[in-house]
Amino acid sequence: PRAHTPRARAYPNPNLDRLDPALIRPGRVDVIHEIGNATSFQMRQLFLNFYPQGGELAGDFVEAMDGAVTSMALLQSFFMLNRHSATKAIEQAPEFVAGLREARGPMQQRMSEAAVGSARQGA
């Protein structure tokens, strides 16, 4: 017989009620934790993680986000695309927010396509 080995599994799903009850029955899933969207405080802290010298700009970034609803993962991807310049991240924020609000297609894919297009123009 095999010893019980504790395992951690993540079922990222915005609609818990759509999951098959067999997947989330007691004994299979013992803890359900909702990870919500980024708060203004989290946006500021993530900005400071990417741009440690940009302390005075963090508030400008949060303001430029204009209350946008986004995940921390998507925000991290945005910062990766603008990782060399805090100022550029602030300049690009309104376009990022507009894309979030339009919700035409997966935002991650659109950001990647924009980055590739930008790199081609710069080459």
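Restricting attention to region 26-75, the residues that are among the β-branched types (V, I, T) and in contact with a Leu (Cβ under 9 Å, 6 or more places away or on another chain) add up to 4. Here V69 meets the list (1) within 30 Å of R9 (Cα to Cα); (2) at pLDDT 90 or above; (3) of a type in the set (A, V, I, L, M) almost entirely, failing just condition (2). Only one of the numbered conditions (1) touching a Ser or Thr at 6+ places or on another chain (Cβ under 9 Å); (2) modelled with pLDDT of 85 or more; (3) open to solvent by less than 90 Å² (accessible area, probe 1.4 Å) is violated by E91, and that is (3).
Take the residues of region 36-50 that are touching a residue at least 12 places away in the same chain (Cβ under 8 Å) and in a loop (DSSP other than H, G, I, E, B): which is surrounded by the fewest Cβ atoms within 10 Å (Cβ to Cβ)? Among those residues, the one meeting the criterion is N37. The requirement of being within 21 Å of G99 (Cβ to Cβ) and either open to solvent by 60 Å² or more (accessible area, probe 1.4 Å) or under 14 Å from the mean Cα position of the chain (by Cα) (or both) is fulfilled nowhere in region 16-33; no residue meets it. Apart from one condition, Q53 fits all of (1) open to solvent by 80 Å² or more (accessible area, probe 1.4 Å); (2) at pLDDT 95 or above; the exception is (2). From the list A115, A98, A64, the one residue that fits, being at pLDDT 90 or above, more than 30 Å from T5 (Cα to Cα), open to solvent by less than 50 Å² (accessible area, probe 1.4 Å) and not basic (K, R), is A64.
The values are calculated or read from the model by the stated rules, or taken from the named source; none is laboratory data. Please read all numbers here as calculations on a predicted model, not as lab measurements. Using ideal geometry, Cβ is built from the backbone for each residue, glycine included, and neighbour counts are taken over all protein chains shown. What goes into the accessible areas is simple: the full protein's heavy atoms, side chains included, and nothing from ligands, DNA or RNA. Shrake-Rupley method; radii C 1.70, N 1.55, O 1.52, S 1.80 Å.
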